[in-house]
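No lab work stands behind these numbers, since they all come straight from the coordinates. Just so it is clear, the model here is predicted, and its values are computed rather than measured. Glycine gets a Cβ as well: all are built from the backbone with ideal geometry, and neighbour counts include every protein chain shown.
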Amino acid sequence: MLTEKHDLLHEFPEFNDRIRELKNNDAHFAKLLNEHDELSHIIHRSEIGVEVHADDYLETLKKQRLALKDELFQLLRN
């Protein structure tokens with residue numbers, strides 16, 4: 001099963017330079033980005049069958065990832 005990439009560089013290619021800049025110069029942004037990437041990794045491993053998680057737990061992780069993505073997007077736009 002192929003799953004799509006959810007890292008910010010794939011989600012927002014137009015902000016490529018801004019993502020790198022904030023990741024290197026803004027500790028809060030870097031922390032949120034790391035949390036987003038960790039959630040994406042866990043979700044991806046579950047989707048490809050490497051790890052097994054209950055559906056409701058996986059849904060919670062996806063909602064958390066979406067909330068982080070929204071917050072990161074707001075920081076990118078500012």
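At a glance:
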read-out	value
Unit charges on C-beta of K, R, D, E only; dipole of the chain, Debye	200 debye
Cα-based reach from residue 69 at 12 Å (exclusive), listing aspartates and glutamates while leaving out same-chain residues under 8 positions away	7, 11, 35, 37
Pairwise label distance in nanometres, residue 27 with residue 11, each label 7 Å out on the Cα-Cβ vector	2.4 nm
Footprinting exposure proxy for 48, 42, 19 (fewest neighbouring C-beta atoms within 10 Å first)	48, 42, 19
Neighbour-limited loop hits for GluC sites (Glu not before Pro), the chain (at most 15 other Cβ within 10 Å; DSSP other than H, G, I, E, B)	4, 51
Base-10 log of normalised Debye intensity for the chain (one unit scatterer per alpha-carbon) at q = 0.24 Å⁻¹	-1.11
